[in-house]
Every structure is written in structure tokens, then in C-alpha cells.
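Since the structure comes first, as C-alpha cells, the remarks are kept for the end.
The values are calculated or read from the model by the stated rules, or taken from the named source; none is laboratory data. Note that the structure is predicted; figures quoted are calculated from it, not measured. We place every Cβ from the backbone using ideal geometry, glycine too, and count neighbours over all the protein chains shown.
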Amino acid sequence: MRIDLVTALPDIVKGPLETSIPGRAQVKGLLDLRIHDLRTYATDKHRKVDDYPFGGGAGMVLKPEPIFACIEELKESGEAIDEIVFLTPDGELFTQAAANELSMKKRLVLLAGHYKGVDQRVRDTLITREYSIGDYVLSGGELPAMVLVDAIARLLPGVLGDSSSALTDSFQDGLLDAPVYTRPADFRAMLVPEVLTSGDHRRIDEWRDEERIRKTRQRRPDLLAGEEREQSD
Ligand code: ADE
């Protein structure tokens, strides 16, 4: 899969995406991640990528020209782009279902907005999807773009060592994950649940299922409500 990440602040994203799972996905040749600096597409001599909002108000707005120039160049190179995603707090909530869906695409462009936002004409004509990573405002779309890259990269076939581990994650089937333990079985008199050391895999699976439902009901009843609605449809 290829991901082109367009940002006015490439230094924020470069280091972190070279390490961990996205880094491993790139080393394995499963993810072709390219970071594009919006400033290189600026047309004026000061390499300005933002300007004051028409009508007044606080904050700066990303100008349309560098974004159009960058994305038009991307469209002309390589294979067809499946989605052009803009990260914004007023976008649709990014969920595991969205990560699963995007992980099946061949090529994505992610646009990280900065400052006050981006000129609406970019959103109206270039962008095909808009995602928020949660109901809070960050100073830019760089961290949210990294969240998407990480969530997508770990789903690409062959990226995780144990191919089943992404499937058992919290949210993957609408439930939170069960508690996990490792050695020692007795740590300061805090014991690992007996069932996990029993070697009885049927009982272990049953215990995990029960724990997942119990934890989801306690912490995220909204997830169960969604399930129950879907089942009655
Ligand atoms: N940009 C600023 N805050 C954001 C958020 N919560 N999600 C996506 N993009 C953002």
C-alpha cells in the first residue's frame, strides 16, 4: 500500500513513522510511505502556506494553491489514488471499522491541516473523506495523520508477526480486549487467574469472551448498544 502524507510540518511526522510498526511495515516493503512538505509547493518567495481568514477572526488558514499543486502532482504520479483524507476535528469519527476499510485500499493521500484550518475550496473539490480522531482539538492534523498511518499499517497482511493478533484487538469485533498476564504467575501475592495457567483452551476462550463482555459493559456500554441494535435490525 502507498500512503502520501501532505503536511506543512514534515519534521513532526518523520521520526515517529520510521520506527515501530509503520517503520517495520516500510522495511518489509508492505507500506510505501512518502511525506510531502507543503512549503515546497508554495509559489511566493517566502514559501507562505497560510494566510489570514477572509472576514476576520483568529488563526491562520492553509492556502489553496500549494495544496492543489501538491495533490495534482501526486495524481499524475504512480497509481490511482483511492481516497484523499483530510484530518479535522469536524470530520467523521475515525474508528476501527474505518481503519479496516482504509487498510484495503491501494493508495491513500492524507492531508494534515494546520493552524485554523484549510481553505474550504480544498475540502469541497479535492478531499474525499474527512476524519476526526476524537472530540478534542489538537494544534494540527499531523498527530491524527500518524494515528491513521499506525492503525492502518498494523492491519496490512504480513506486518504483525502473529497474523491473528490484529484480529483479537479491542474493537476488532466491537468488544474491548480481555485482561492479559505474563510471568510470574505469583507477583507479590497477586495471582494470575487460575484458568489462564490451566492449559484448557476451551475454558480459556470462554473466560476471555466473558471478560470482554464484562469489561465492555462496564467501560463502553455504547459499544454493546450498537451491537444489540445491529442484531435486531
Ligand atoms: N486536527 C485538530 N484536531 C483534530 C482531531 N481531533 N482529529 C483530527 N484532526 C484534528
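Can you tell me which residue within the range 78-102, out of those that are part of a helix (DSSP H, G or I) and touching a strand residue (DSSP E or B) at 6+ places or on another chain (Cβ under 8 Å), is nearest to Leu31 (Cα to Cα)?
Leu102
Here Ser139 meets the list (1) crowded, with 16+ Cβ neighbours inside 10 Å; (2) touching a His at 6+ places or on another chain (Cβ under 9 Å) almost entirely, failing just condition (1). Select from the range 84-102 the residues that are more than 29 Å from Phe54 (Cα to Cα) and in contact (Cβ under 8 Å) with a residue 24 or more places away in the chain and write down the one among them that is farthest from the ligand (Cβ to nearest atom). The qualifying residue farthest from the ligand (Cβ to nearest atom) is Asn100. Just one residue in the set Asp32, Asp37 is closer than 16 Å to Asp150 by Cα and surrounded by 13 or more Cβ atoms within 10 Å (Cβ to Cβ); that residue is Asp32. Selection of the range 88-116 for residues being small (Gly, Ala, Ser), farther than 23 Å from Phe171 by Cβ and touching a helix residue (DSSP H, G or I) at 6+ places or on another chain (Cβ under 8 Å) yields only Ala112. If the condition is being within 17 Å of the chain's Cα centre (by Cα) and either aromatic (Phe, Trp, Tyr) or in a helix (DSSP H, G or I) (or both), then the range 17-32 contributes Leu17, Glu18, Ser20, Ile21, Pro22, Gly23, Arg24, Ala25, Gln26.
Among what's in the range 175-202 and is charged (D, E, K, R) and loosely packed, with under 11 Cβ neighbours inside 10 Å, pick the residue that is farthest from Arg214 (Cα to Cα). Out of the qualifying residues, it is Arg188. Annotation: of all residues in the range 120-177 being under 17 Å from Gly91 (Cα atoms) and without any contact (Cβ under 8 Å) to a residue 40 or more places away in the chain, the one that is farthest from the ligand (Cβ to nearest atom) is Thr125. Screening the range 103-119 for residues that are of a type in the set (Gly, Ala, Ser) and at pLDDT below 95 and picking the one that is farthest from the ligand (Cβ to nearest atom) gives Gly117.
Out of Lys105, Lys48, Lys14, Lys75, one residue alone is free of Cβ contacts under 8 Å to residues at least 24 places away in the same chain and part of a loop (DSSP other than H, G, I, E, B). It is Lys48. On the given criteria, is Lys75 at pLDDT 95 or above, of a type in the set (Lys, Arg) and surrounded by 16 or more Cβ atoms within 10 Å (Cβ to Cβ)? It is false that Lys75 is at pLDDT 95 or above, of a type in the set (Lys, Arg) and surrounded by 16 or more Cβ atoms within 10 Å (Cβ to Cβ). Of the residues making up the range 41-72, just one is under 25 Å from Arg107 (Cα atoms) and loosely packed, with under 13 Cβ neighbours inside 10 Å, namely Glu72.
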